[in-house]
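The structure appears right after this line, and notes come after that.
The values are calculated or read from the model by the stated rules, or taken from the named source; none is laboratory data. Note that the structure is predicted; figures quoted are calculated from it, not measured. Cβ sites come from the backbone with ideal geometry, for glycine too, and all protein chains shown count toward neighbours. Heads up: the accessible areas ignore ligands, DNA and RNA and are worked out on the full protein's heavy atoms, side chains in. Shrake-Rupley method; radii C 1.70, N 1.55, O 1.52, S 1.80 Å.
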Amino acid sequence: MQVAVVTFDGFNELDSFIASALINRCRKDGLEAFITTPTPVVTSMNGVEVTGQRPMEFVTEADVVLIGSGVKTRDVVADDQLISRLRLDPSRQLIGAQCSGALVLARLGLLEDRPACTDMKTRPFVEACGVTVLDAPFHADGNIATAGGCLSSQYLATWVITRTLGEAAARDVIDYVAPVGENQETVERALRAVHADEVALR
């Protein structure tokens, strides 16, 4: 199972790197994430240059697509050519978005009649798309999920691992990366966020 972590120029490192790092702890179980970029190299909001592991077209074959956020997301959704490269199919793919990535899902028409989570700065722009924004860090409806707040990227990763490999695998990953002495509460918080209002689990 392959995961495309869509990473645009101006990306937020916490979004792309946390999600991909957590998911890649499941490589031995056949779940692997790849930083997926529209150009060979993208530069983060803090000036970190990253070479993409897969081109944007990889999203069409990936089993899971996670769209990260960044300081240029509004430019992304205004770029018809770039948006046209995101051919997603929620009937067969798990699709998630982090913070301003919700704008991309809205632009693709994937949030119709669905509430979403996003960060506070992006909220008015998502609402301007006619989407109801929740005061929550994570929400999933079937195969589509959104997360709000940089550190909620752990919840997107937990959702992906739970949906593809099961809750036990997600517990193992979050337990491993949790702050020492806070393992149980970190694991339970992540699973609680993922299960709290999910409409349809596998």
Fill in the blank from the handout: The percentage of the accessible area of the chain (probe 1.4 Å, all protein chains present) made up of carbon and sulfur atoms, to the nearest whole number, is 50 percent
Completion exercise
Semi-axes of the stretch 37-134 from the Cα gyration tensor (sqrt of 5 times each eigenvalue, largest first, whole Å) come to 21, 17, 11
Problem - Per-selection metrics, the stretch 74-129 (Cα): Rg and Dmax in Å - result: 11.0, 31
Completion exercise
To the nearest Å², the heavy-atom accessible area per residue of the stretch 47-202 with 1.4 Å probe amounts to 47 Å²
Exercise for the section: Give me the accessible area of LEU22, 1.4 Å probe, in Å² rounded to the nearest 10. Expected result: 10 Å²
Practice task
If a/c stays under 1.5 just call it rounded; otherwise compare a/b with b/c (prolate if a/b is bigger, oblate if not). Do that for the chain, with a ≥ b ≥ c from the square roots of the Cα gyration tensor eigenvalues.
Solution key: rounded
Handout entry: Percent RCO, i.e. relative contact order, over the chain, from Cα pairs under 8 Å lying at least 6 residues apart
Key = 19 percent
Completion exercise
For VAL42 the rounded accessible area (nearest 10 Å², probe 1.4 Å, non-protein molecules ignored) is 0 Å²
Problem - Amide hydrogen neighbours beyond the local backbone of VAL65, cut-off 5 Å, H modeled - result: ALA4, LEU94, ILE95, GLY96
Exercise for the section: Work out from phi, with θ = phi - 60° and the Karplus expression 6.51 cos²θ - 1.76 cosθ + 1.60, the ³J(HN,Hα) of each residue of the stretch 113-125, listed in order in whole Hz, and give x for Gly and Pro. Expected result: 6, 10, x, 9, 10, 7, 7, 5, 5, 7, 3, x, 6
Problem - Gaussian network model of the chain, Cα within-10 Å springs - most flexible of ASP29, ASP175, ASP89 - result: ASP29
Fill in the blank from the handout: Sorted list, accessible surface of protein heavy atoms, 1.4 Å probe, largest first, for ASP9, ASP135 is ASP135, ASP9
Practice task
Report, in whole Å, the centroid distance computed from the Cα atoms of the stretch 61-121 and the stretch 18-52.
Solution key: 17 Å
Exercise for the section: Sort HIS195, HIS139 from largest to smallest accessible area, using a 1.4 Å probe on the heavy atoms of the protein chains. Expected result: HIS195, HIS139
Completion exercise
the chain: antiparallel bridges as % of DSSP beta bridges, rounded to 5, reads 30 percent
Handout entry: Estimated distance in nm for a label pair at ARG74 and ALA128, the labels positioned 7 Å out from Cα along Cα-to-Cβ
Key = 0.5 nm
Practice task
Using 0.36 nm per residue of separation minus the Cα-Cα distance, give me the extension gain between GLN53 and ALA168 in nm, one decimal.
Solution key: 38.6 nm
Practice task
Report the label-to-label distance for ARG192 and ASP113 in nanometres (one decimal), using points 7 Å from each Cα along the Cα→Cβ vector.
Solution key: 3.2 nm
Practice task
For ARG87 and GLN2, calculate 0.36 nm times their separation in residues minus their Cα-Cα distance, and state this gained length in nm to one decimal.
Solution key: 29.0 nm
Practice task
List the residues of the stretch 88-121 whose backbone N lies under 18 Å from a point placed 7 Å from the Cα of ASP135 along the Cα-to-Cβ direction.
Solution key: 115-121
